[in-house]
Every structure is written in structure tokens, then in C-alpha cells.
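Scroll down for the structure; my scribbles are underneath it.
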């Protein structure tokens with residue numbers, strides 16, 4: 001894991017995690033828009049949709065199974081018109097829906113730690129020949145509704161060519177995988193747990209994204225150069241002040257972060273160009289000029305002064321010269337936090353188990 005600075009020089013991994021937390025808090029929709037658009041406009045286009053699917057399956061799929069078809073519809077619309085409205089629609093509706101953390105915990109923690117005890121004799125399934133003992137354990141786990149064991153043995157068998165056949169016989173249904181999301185384990189885990197009929201009884205209805213909302217999101221694309229002459233770089237200097245509407249969450253200490261064990265402040269102040277270059281939008285900007293990537297010194301070297309001056313006239317954000325308030329929106333200290341505290345701050349159903357290791361999302 002390495003630091004990558006986004007469009008407005010946030011740590012990209014923290015942009016994603018802050019978006020997830022805001023979405024689950026369900027308090028400020030505009031902030032959710034801000035974070036998903038920051039990720040999207042940083043050049044992570046297909047990755048944005050992958051993140052939305054991942055978040056949906058982790059936190060919303062069990063109680064809102066019909067939303068998956070809608071997600072697919074808006075993804076296909078986006079592929080046709082590349083309109084950010086399609087992304088905002090997904091965010092707006094997830095923001096309103098019931099949530100849980102069952103799949104999230106099974107996927108990120110229990111898939112390698114089985115604490116469930118399975119009972120009973122081996123189960124015979126007509127027309128299926130067991131090839132591995134884990135197949136028997138998975139069938140038992142499903143029939144006994146032992147969710148942790150399901151996540152564990154499903155992970156063990158995920159590369160088995162006969163897994164889908166086995167699950168179709170056990171669940172007595174045809175399994176259709178979502179072609180727009182490539183995490184097969186994640187999908188199958190949801191399909192199995194969903195078969196236990198734990199979805200919400202509330203009627204689902206959807207809301208459209210208003211034109212005003214779209215305009216407000218797109219306003220972050222406007223260059224600060226619009227406030228004055230292009231040659232006056234002092235306006236570029238104001239970019240982070242004007243465009244950093246929110247700060248990353250300080251509650252991300254339960255996750256593995258790219259900032260762990262490095263001097264983030266120094267990277268942000270003196271090497272921002274080097275770490276921004278790893279981001280698609282910044283790579284595109286830098287590559288318009290003759291440059292060399294200096295990995296030893298963690299710098300971007302311009303081969304001539306004209307290119308150097310032109311680049312900084314456009315993108316001289318000067319993060320080290322910003323106010324403390326502006327800087328703290330991305331480099332604030334993130335204290336260590338146990339996952340239980342993060343979960344319990346977001347969900348009504350409280351988590352009791354203490355998990356002290358950092359989780360990789």
C-alpha cells in the first residue's frame with residue numbers, strides 16, 4: 001500500500017473510507033456526494049462503480065435485494081452517457097435504505113476464522129459427488145444457518161469448479177451472478193445468507209437526483225482561475241481553500257491505511273507532486289510536459305523552465321502554505337480505533353466482539 005493523492009490532494013484510500021462512513025451515517029447526503037465525486041474525478045472511473053457495488057453487497061444487499069437490478073440499470077446508463085447523475089442516484093438511494101453489517105463482517109474477518117461448531121452426520125445430496133471435505137462442511141453450515149462457517153468454507157471452495165453446482169442443489173435454485181461485479185465470493189456469500197429471508201419488510205421506493213444537486217456537485221470542477229486572470233497564480237493558490245469542503249474522517253483507525261508508519265505531513269508538504277502523479281488525473285496533467293519521475297528523492301523533475309512555470313500556473317496548489325484548517329482536512333491525526341467502536345457508531349445492532357487487528361477494506 002502506498003500513498004496516492006487525489007484531485008484535491010486527499011489520501012485516496014481515506015476518500016473511499018470516509019465516503020463509506022458518511023453513507024452509513026446517513027446524516028449528510030451532500031458530503032457523500034462530495035467524497036464519491038472526489039474519487040470519481042480523480043480518474044477512478046470504473047473503480048467508483050466497483051466501490052458502489054462493494055458497498056451495496058457489504059451493507060445493503062440483504063435488506064434491499066431489489067436495489068441490485070436498479071444498480072445495474074444505472075451502471076448501464078452511465079456506460080452510455082457517462083453522466084455523473086447515474087452515480088449520484090445510486091448514492092442518494094443507498095443513503096436512505098436500511099443497512100446492516102452482517103456481510104461486511106463475514107467477508108472481511110470471518111472468512112479466515114471459523115468459530116462455528118457444525119453438528120450431525122454427513123449430508124447426501126442427490127446427483128452430487130463430494131470431492132472435498134469442505135463441501136460437506138459448507139452444506140452443513142448452510143442447512144444449520146451457521147453464517148461464520150458459511151463464510152469460512154465458501155472462501156475455501158471459491159476456486160472449486162463444482163461450487164456453483166453444489167450451491168444450486170443445496171439452495172434449490174439457479175444462481176445468477178452479477179456480470180458487472182467480479183467478486184464472486186462476495187456475491188455468493190450474499191446469495192446464501194439472503195436465502196435465510198432476512199430482508200426488510202419496508203416498502204422500497206426510489207428518489208431521483210435533482211438538477212440542483214447535480215449542479216452543486218459539478219461546481220467543484222470549476223477552476224479557481226475563474227476568479228481572476230490565468231496569469232495570477234494567487235488564485236490557483238486558493239484552490240484547496242475553496243474546493244476542500246470537508247475533511248476526512250478521524251474514525252478510520254480500525255482500517256489499514258496507506259499513511260500508516262510514514263510521515264504523512266512531510267509527504268504532503270514537500271512531495272505532493274510525486275504522490276499525486278500516482279493518481280490518474282494528475283498523471284494526465286503531468287504528462288503534458290517533459291518530466292522525469294525522481295523515485296529516489298520522491299520528486300517530479302521538469303526538463304525545462306517553461307514547462308515548470310506553466311504547470312504551476314495551472315496547478316500550484318502549494319499545500320504547505322495553506323492554513324492549518326485547510327491542511328488538516330487531509331492530514332489530521334487518525335487515532336487507533338477498534339472495529340467494534342466504528343461499527344457501533346454506525347449501526348443500531350451493536351457489536352460485542354473486540355477485534356483489535358486493523359482491517360483491510
Exercise. Can you pull out the residues in region 184-218 that are modelled with pLDDT under 90 and farther than 30 Å from residue 157 by Cβ?
Worked result: 201, 202, 203, 204, 205
Exercise. If a residue has to be closer than 18 Å to residue 266 by Cα and either at pLDDT 95 or above or exposed (fewer than 13 other Cβ atoms within 10 Å of the Cβ) (or both) to count, how many in region 302-316 make the cut?
Worked result: 0
Exercise. Of the residues in region 23-56, how many are within 18 Å of residue 345 (Cα to Cα) and free of Cβ contacts under 8 Å to residues at least 60 places away in the same chain?
Worked result: 3
Exercise. Of the residues in region 220-238, how many are at pLDDT below 60, over 10 Å from residue 314 (Cα atoms) and either touching a helix residue (DSSP H, G or I) at 6+ places or on another chain (Cβ under 6 Å) or part of a helix (DSSP H, G or I) (or both)?
Worked result: 3
For this session: Spot the failing condition for residue 70; the list is (1) in the same structural domain as residue 146 (by TED's automatic domain parsing); (2) surrounded by fewer than 20 Cβ atoms within 10 Å (Cβ to Cβ); (3) in contact (Cβ under 8 Å) with a residue 12 or more places away in the chain, and only one is missed.
Result: (1)
For this session: Select from region 87-98 the residues that are crowded, with 20+ Cβ neighbours inside 10 Å and over 17 Å from residue 35 (Cβ atoms) and list them in ascending order.
Result: none
Problem set entry | Hits in region 146-181 (condition: in contact (Cβ under 8 Å) with a residue 60 or more places away in the chain and either surrounded by fewer than 17 Cβ atoms within 10 Å (Cβ to Cβ) or touching a strand residue (DSSP E or B) at 6+ places or on another chain (Cβ under 9 Å) (or both)) | 180
For this session: Evaluate region 183-194: report whether one residue or more is part of a loop (DSSP other than H, G, I, E, B) and within 31 Å of the chain's Cα centre (by Cα).
Result: yes
Exercise. Quick one: what pairs do we get from region 319-330, first residue assigned by TED's automatic domain parsing to the domain that holds residue 239, second in a helix (DSSP H, G or I) and surrounded by 17 or more Cβ atoms within 10 Å (Cβ to Cβ), C-beta under 6 Å, 6+ apart or different chains?
Worked result: 319/268; 319/272; 322/240; 326/240
Problem set entry | Qualifying residue in region 348-360 (condition: without any contact (Cβ under 8 Å) to a residue 40 or more places away in the chain, buried (at least 16 other Cβ atoms within 10 Å of the Cβ), out of contact with any helix residue (DSSP H, G or I) (no Cβ under 8 Å at 6 or more places or on another chain) and under 26 Å from residue 108 (Cα atoms)) | no
For this session: Please tell me if residue 87 is at pLDDT 95 or above, assigned to a helix (DSSP H, G or I), within 30 Å of residue 215 (Cβ to Cβ) and out of contact with any strand residue (DSSP E or B) (no Cβ under 7 Å at 6 or more places or on another chain).
Result: yes
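This table checks each residue for (1) touching a helix residue (DSSP H, G or I) at 6+ places or on another chain (Cβ under 6 Å); (2) modelled with pLDDT of 95 or more; (3) over 30 Å from residue 41 (Cα atoms); (4) part of a helix (DSSP H, G or I).
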| site | (1), (2), (3), (4) |
| --- | --- |
| 78 | yes, yes, no, yes |
| 100 | no, yes, no, no |
| 104 | yes, yes, no, yes |
| 119 | no, no, yes, no |
| 127 | no, no, yes, no |
| 141 | yes, yes, yes, yes |
| 151 | yes, yes, yes, yes |
Exercise. Considering region 266-292 alone, what residues qualify as being free of Cβ contacts under 8 Å to residues at least 40 places away in the same chain and either buried (at least 16 other Cβ atoms within 10 Å of the Cβ) or closer than 19 Å to residue 237 by Cβ (or both)?
Worked result: 271, 273, 274, 277, 285, 286, 291
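The values are calculated or read from the model by the stated rules, or taken from the named source; none is laboratory data. This is a predicted model, so every value here is computed, not measured. Ideal geometry is used to build each Cβ from the backbone, glycine not excepted, and the neighbour counts take in all protein chains shown.
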